[in-house]
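A quick write-up on the structure given underneath.
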Amino acid sequence: MGKWTIPSALILLCLLSLLSDQGRKLQANAKEGAVDPPKVEDNIGAVPHGLQTDSDVVKRESDSISSRSLRNNAEKFEFQAEVSRLMDIIINSLYSNKDIFLRELISNASDALDKIRFLSLTDKEVLGEGDTSKLEIQIKLDKEKKMLSLRDRGIGMTKEDLIKNLGTIAKSGTSAFVEKMQSTGDLNLIGQFGVGFYSVYLVADYVEVISKHNDDKQYVWESKADGAFAISEDTWNEPLGRGTEIRLHLRDEAQEYLEESKLKELVKKYSEFINFPIYIWASKEVDVEVPADEDESSDEESSDSTSSEEGADEADKSEDEDTEKKKTVKETTYEWERLNDVKAIWLRSPKDVTNEEYVKFYHSLTKDFSDEKPMAWSHFTAEGDVEFKAVLFVPPKAPHNLYQSYYNSNKSNLKLYVRRVFISDEFDELLPKFLSFLMGLVDSDTLPLNVSREMLQAHSSLKTIKKKLVRKALDMIRRIADEDPDEFSGKDEKDVEKSGDEDEKKGQYTKFWNEYGKSIKLGIIEDATNRNRLAKLLRFESTKSDGKLTSLDQYISRMKSGQKDIFYITGISKEQLEKSPFLERLKKKNYEVIFFTDPVDEYLMQYLMDYEGKQFQNVSKDGLKIGKDSKSKELKDSFKELTKWWKGTLKTEDVDEVKISNRLDNTPCVVVTSKFGWSANMERLMQAQTLTDASKQAYMRGKRILEINPRHPIIKELRERVVKDPEDEGVKQTAQLIYQTALMESGFILSDPKDFASRIYSSVKSSLNISPDATIEEEDDVEETETEPETKAGKDGADAESSGLKDEL
């Protein structure tokens, strides 16, 4: 038996091991069989009064979201058009700015709210009760899940609506869609959910749309824009009651849209004037009192136990100490914060809006929170083929870069809204460039739009709006002048008293002109239709304005009897023009002359040919008529020989004519240009152009005419000399010098300044009785010797002396 002892022991150990393993397996199976009851967890996102779900549903949803795949039990649909082509059009061609996805979603939510509000006018029950009846938009973000959601309590969508509205572009076919957009440009798609909705794929790679319509169950639409979307009945999310919730699962490169500050900025920029309240689930830190730490409390309790209880006073003291056993900590709370709290005053009657409200609205609209008020504003409603409301403001100061890149910039300060949705401010179809300084907005419910809301086409409706806006803008500017007491010169004092608050409005139009006068001049050049209206707004100084600005109407009221033309002169400055020889006889005869000193004035007067039946006459050009001179024919005959001789002498100077002048009094002669050519000032301006072509200037340069003053002693003496000896070289040199001097005094630039200087020096020699043959004394030739450089010692000595001198000083 001894030989069986060891093997038997081994077999017994093996059996015991097997039994032990079997027992552990049974125990494990027993534990697995003890299933815990279903757990009820908190709502996802902590949505108040939400439908709670069990852990399995949460897990399935989490798995679905994390895998970015469509739910297995959902009904699948294929986009009929090529989605990659569609996304390329939507994202790359139409939407250049990713930020606008939020604008599109809010716009769609506003449309849905508008629809249910319209239905509630005839059936109030469609709004439901409680929170469902609140027409509002809510924005919520979840940083952990990288999810942004937007919810509205609008009309909602049925299952058919989800298929139709969110697939309308794809089902129409990419090529057909593009063709329709390019051919008509009149796609009135606002309110159709599937248009701007696709901009969500600029920032998200997976999108869920949960929607509940009063006539259907709650459904979920989901897609990754990869050629398919799915729809399934929603049995796991919070019941919406009515409306739509869009959940965007953001891309990694779009995480900036999970920041509250970014979302608030976008809402303020694009949707500040939506007609429904917009809320965001915002975090907020508050101070909260909490009990002190347990260790501190136990120490205080032990200390209190050693003390004796000595009556009611000690008890009160103990109660006070108990109240002090607390500390203040920072705690993060969440609450709904309204983002669009600015009232849309343009929807109200102008009679119901106060001046303070207009000023506050201006600061809010322009983001200009200075203390300065706008110079003027205009609030009106236009009715007819195109209905819209508008508010226009004249800012107190012009932007520093208003006229930089004037013709190359499309930036406008006028914002376009459609149904309180910001569309764009980067086009000039609503206001011409010369009125681009105006601030304000236009809000239309009927304006047709194209697909992206940011690429408005040239449409007939826009032209109608533009026409009405320009007329209202000009009326607003004219009203500034009408209400300015400084503009009432020549009127009765009674009329001035009726003008209103003088102190506040005094000098307002002068201030406007100093800021925006150039824009009015550019308007006269660009807008032929409103040229006469704009001309009434012109202001300038004249020989009779006493340093103040005057208007064309005031000029006409001061015209002399029989005066047919409005006289003006152009130049560099008023001070220079006041000394001009062209004004001598006009001032002597008490004619008023307008000063135009702005470079744009030369272009202005090429378009402003007449005003109120009066022609404009540049007094530095040919054709000036100042009454009639009975001796004019006799003078012409007596100076006929001189004028003919002088023209021949100046044949190399391109002088077209020499004639008797009717505009000079103290000056011997001037050079004028032909009526339809460039003036001397215009020539100067054109020569200063950087990219000017000198070869082409000859065609526009006016013909030069030398006008002489027959009453001046120099001209009389010159006539006598010519009669005696027409070939006298000295007389010819003098005539040449007189012409060049007149040329320079008339505002022209000398083509050969060296020749002019030589003639002046020759004249000086003659006046000093210096022989014309006198030569310049030769300089003695002196050999140049090289100077030796200072030695270091000498230099140091000189520095020391200089330093000592400074010390003494």
For the stretch 541-601, what is the charge dipole size about the Cα centre, in debye to the nearest 20, if Lys and Arg each add +1 at the Cβ and Asp and Glu each add -1 at the Cβ?
400 debye
Run the simple label-point estimate for Lys115 and Phe676 please: 7 Å along Cα→C-beta, distance reported in nm.
6.4 nm
Show the residues, 5+ positions off or on another chain, whose built amide H is closer than 5 Å to the amide H of Ser542.
Gly547, Phe595
Which distance in nm do the two modelled labels at Glu387 and Thr332 give, with both placed 7 Å along the Cα-to-Cβ direction?
4.8 nm
Residues whose built amide H sits under 5 Å from the amide H of Gln218, excluding neighbours closer than 5 in sequence, are Asp234
So how strong a dipole does the stretch 566-668 carry about its Cα centre when Lys and Arg Cβ are +1 and Asp and Glu Cβ are -1, to the nearest 20 debye?
600 debye
So Tyr607 and Thr652, fully extended at 0.36 nm per residue minus their Cα-Cα distance, gain in nm 12.8 nm
Work out, step by step, the length gained on full extension between Lys548 and Asp371: first 0.36 nm times the residue separation, then minus their alpha carbon distance; give nm to one decimal.
60.9 nm
Length gained, Lys98-Asn769, 0.36 nm per residue minus C-alpha separation, equals 233.1 nm
Just to confirm a number: summing +1 for Lys and Arg and -1 for Asp and Glu over residues other than Val600 whose beta-carbon lies under 9 angstrom from that of Val600, what do you get?
-1
Any idea what Rg and Dmax come out to for the stretch 362-402 if you just take the C-alpha atoms, in Å?
13.2, 39
Quick one: which residues, 5 or more positions from Asp205 or on another chain, have an amide H under 5 Å from its amide H? H modelled 1.01 Å from N in the peptide plane, none for Pro or chain starts.
His249, Arg251
Selection from Gly730, Ala742, Ser758, by position along the positive dipole direction of the stretch 712-780 (Cβ)
Ala742
For the table Lys675/Lys703; Lys389/Lys466; Lys343/Lys467; Lys389/Lys415; Lys397/Lys511; Lys518/Lys703, the rows whose alpha-carbon distance is greater than 19 Å are Lys343/Lys467; Lys518/Lys703
Provide the per-residue ³J(HN,Hα) series for the stretch 434-441, in order, calculated from phi with Karplus coefficients 6.51, -1.76, 1.60 and θ = phi - 60°, each as a whole number of Hz, with x at glycine and proline positions.
5, 10, 5, 6, 6, 9, x, 8
If each of Thr132 and Thr446 carries a label point 7 Å out from its Cα toward its Cβ, how far apart are those two points in nm?
3.6 nm
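No lab work stands behind these numbers, since they all come straight from the coordinates. Keep in mind that this is a model prediction, so the values were computed, not measured. Note: ideal-geometry Cβ built from the backbone for every residue, glycine included; neighbour counts use all protein chains shown.
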